[in-house]
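Readers should treat all values here as calculations from the given coordinates under stated rules, not as data from a laboratory. From a predicted model like this one, the values you see are computed outputs, not experimental measurements. We place every Cβ from the backbone using ideal geometry, glycine too, and count neighbours over all the protein chains shown.
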Amino acid sequence: MEHGEAQSRDKQDLGSAPADLKDSSERRLRSTPADQLDVHGGFVVLGGGLVLTALACVFAGEATVAPIFAVLGPALIVIGAFYSRIKGPLQAGRGGFSFAVDAAQRLAQEKGYPPDITEQIPERVAEVVESPRISAHAAEDAADYVVRSFSSDVRAREMVLLDHFGTWLEEKGLSTVRKHVRAHGVEYDLIAENADTVMIVEAKLGPKTVGNLAVRQVLAMPPPADPHAGELRRALVVPYELKISQAAIDIAVTQGLEVYEVSDDGGIKRVV
């Protein structure tokens, strides 16, 4: 039921794929310089042409550089004059289907999505991109839309992982288990406690290997709002098939972070 509700909420948030992704107001992947170049690109090219033409006149006596300036200057002036007409094809060249796929894969990796999710990206992009020659803006919006469409799947998988681990903790004596607790502006995936101990738990699903960053993130989390006077334990839980780098294991051992693998059937194995 939770999985179905999560999917319903996700569909409400996303709605249907926009008819024209190019008109979307979201520009997560774009930079301010790129935005400025899109608006003022013609003036930049035209200005560069004028500068090179002027340099051709100044260095008219230099046989090595004058011809270069004399050729490039007028060429840039012509391109600048027609920039508004050729900008569309230029955007299609640096955008399009492959651009959208690359951008979506980068976003998914930043969010830590598992490999079997990222493998579906080309197929999902093909569903929302009607033409391989779309603008860079539309490609970026398609990438953002596709990555957000996976959010309910990832959330549901994370809940299964935490349910298995929470049940195991209850069997070990940490009788109070709360999931997705917000405190101090931080959301803890799971908090388990008894009279003597509080454990904060974070789950990581991917993308390929758990590295130093994931371990340091758990170590840097502040204690919950209502810590007991007793022991504070920190734990990182991952799917059994996810690799953990040796450097991450070394840091976990040194800093006292517990690391657990959770199998599909609910089996728990302590790695550190």
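Can you say what percent of the DSSP beta bridges in the stretch 200-272, counting only those with both residues inside, are antiparallel? Round to 5. Show your work: numbers first, answer last.
Working: 3 of 14 bridges.
Antiparallel bridges: around 20 percent, rounded to the nearest 5.
Under a point spin-label approximation (7 Å from Cα along Cα-to-Cβ), what is the Leu50-Val160 distance to one decimal in nm?
Placing both labels 7 Å along Cα→Cβ, they lie 6.3 nm apart.
Tell me the net charge near Asp189. Cut-off is 13 Å between Cβ atoms, Asp189 excluded, with +1 for each Lys or Arg and -1 for each Asp or Glu.
Values: positive: Arg155, Arg157, Arg178, Lys179, Arg182, Lys204, Arg234; negative: Glu158, Asp163, Glu187, Glu202.
Cβ neighbours under 13 Å give a net charge of +3.
Between beta-carbons, use under 15 Å as the cut-off and find the net charge around Leu257, counting Lys and Arg +1, Asp and Glu -1.
Numbers: positive: Lys204, Arg216, Arg233, Arg234, Arg270; negative: Asp189, Glu202, Glu231, Asp250, Glu258, Glu261.
Residues close to Leu257 contribute a combined charge of -1.
With Kirkwood's inverse mean 1/r over C-alpha pairs for Rh, give me the Rg to Rh ratio of the stretch 154-264, two decimals please.
Answer for the stretch 154-264: 0.94.
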